[in-house]
């Protein structure tokens, strides 16, 4: 593995033109490039390199910026924070082949990212697809994960069970099936200035959650060559290369935060997911959408910090 640090700063009061660490007002953050599992990943890093490591994993259709509100508080709480653009997203490399987005590859990216920090273990927190990777990482590389945090991302076996037994979850998963089509989803997502992706954020969250300025940053990330194909290939790979069914209880202390007004995931998935954890804790957030990290940033941060401190 090779590490290529690049420190980037805001140099003017105008809105940043890049979707890197310059989007943050926090001076302690920087962008870096890491080659892991043969793929170059961009990541935002912050905090003392000797402090306990926390890796934050974003979901679809976001990028590292989705965790912006948590970076500085975690650093102030005494953590080294690494927030990657996962493969296929924003400034990270975007392999073309669907098979390059199989879950074992995505988990290996994070395992090697942890190693690139000179660490054997890290706390890992993931939202949406980032949570799916976090679940898999904790099973596939248990020696790499200290404490696990999950935000509105179901345990894979709990999700499969709900798909098979709950018509409502099957109905809510229509978009994942539509994404299996070739090229058409990319075209629809790009249509009219990314209207569909913008709706996926603004239209399914509480009013005012995503500002126009924030959405402009997302559009820049979506506009990057190969970004739409890469992010949609996560869905295609999951359907073509389904992960093995995991029924054994997860050993790591696990916090599951669940916004109960998620339009894509039924509320039952929160408690059903925790049942697969030996030391699991569920925090339900009523009247909160899938976009918990954005709608309830302070509460999310407090819950995560409390969990990582071992207070549970």
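The values are calculated or read from the model by the stated rules, or taken from the named source; none is laboratory data. From a predicted model like this one, the values you see are computed outputs, not experimental measurements. Counting neighbours? That spans all protein chains shown, and the Cβs are built from the backbone with ideal geometry, glycine included.
The residues on offer are 256, 304, 263, and the sole one that is surrounded by 21 or more Cβ atoms within 10 Å (Cβ to Cβ) and more than 17 Å from residue 133 (Cα to Cα) is 304.
To keep it simple, each residue is scored yes or no on (1) buried (at least 21 other Cβ atoms within 10 Å of the Cβ); (2) within 24 Å of residue 217 (Cα to Cα); (3) out of contact with any helix residue (DSSP H, G or I) (no Cβ under 8 Å at 6 or more places or on another chain).
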residue: 143; (1), (2), (3): no, no, yes
residue: 150; (1), (2), (3): yes, no, no
residue: 156; (1), (2), (3): yes, no, no
residue: 160; (1), (2), (3): no, no, yes
residue: 168; (1), (2), (3): no, no, yes
residue: 173; (1), (2), (3): no, no, no
residue: 188; (1), (2), (3): no, yes, no
residue: 204; (1), (2), (3): no, yes, yes
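Within the range 83-100, does at least one residue satisfy the condition of being crowded, with 19+ Cβ neighbours inside 10 Å, in contact with a strand residue (DSSP E or B) (Cβ under 9 Å, 6 or more places away or on another chain) and part of a strand (DSSP E or B)? Within the range 83-100, one or more residues are crowded, with 19+ Cβ neighbours inside 10 Å, in contact with a strand residue (DSSP E or B) (Cβ under 9 Å, 6 or more places away or on another chain) and part of a strand (DSSP E or B). Quick check: is even one residue across the range 230-251 assigned to a loop (DSSP other than H, G, I, E, B) and buried (at least 20 other Cβ atoms within 10 Å of the Cβ)? Checking the range 230-251: not a single residue is assigned to a loop (DSSP other than H, G, I, E, B) and buried (at least 20 other Cβ atoms within 10 Å of the Cβ). Just to check your reading of the model, which residue among 148, 106, 113 is outside any helix (DSSP H, G or I) and at negative phi? Just a single option satisfies the conditions, and that option is 148. Mind checking whether some residue in the range 75-82 is free of Cβ contacts under 8 Å to residues at least 24 places away in the same chain and over 23 Å from residue 294 (Cβ atoms)? Taking every residue of the range 75-82 in turn, none turns out to be free of Cβ contacts under 8 Å to residues at least 24 places away in the same chain and over 23 Å from residue 294 (Cβ atoms).
Of the strands (runs of 3 or more DSSP E) that lie entirely inside the range 1-79, those containing 1 or more residues that are at pLDDT 95 or above and more than 27 Å from residue 96 (Cβ to Cβ) span 29-36, 39-46, 53-57.
If you check 194, 210 for being within 24 Å of residue 294 (Cα to Cα), assigned to a helix (DSSP H, G or I), in contact with a helix residue (DSSP H, G or I) (Cβ under 6 Å, 6 or more places away or on another chain) and modelled with pLDDT of 95 or more, only one passes: 194. Which residues, counting only those in the range 122-141, are in a loop (DSSP other than H, G, I, E, B) and touching a helix residue (DSSP H, G or I) at 6+ places or on another chain (Cβ under 6 Å)? Passing the criteria: only 141.
Inside the range 102-126, residues that are more than 16 Å from residue 308 (Cβ to Cβ) and within 16 Å of the chain's Cα centre (by Cα) make up a count of 11. Of all the listed residues (271, 267), the sole one being farther than 24 Å from residue 211 by Cβ and in a loop (DSSP other than H, G, I, E, B) is 267.
Is one or more of the residues making up the range 272-284 under 18 Å from the mean Cα position of the chain (by Cα) and surrounded by 18 or more Cβ atoms within 10 Å (Cβ to Cβ)? Within the range 272-284 (the criterion being under 18 Å from the mean Cα position of the chain (by Cα) and surrounded by 18 or more Cβ atoms within 10 Å (Cβ to Cβ)), the answer is yes, since at least one residue qualifies. Mind checking which residues of the range 177-191 are within 20 Å of the chain's Cα centre (by Cα) and in a helix (DSSP H, G or I)? Scanning the range 177-191 gives a single hit, 189.
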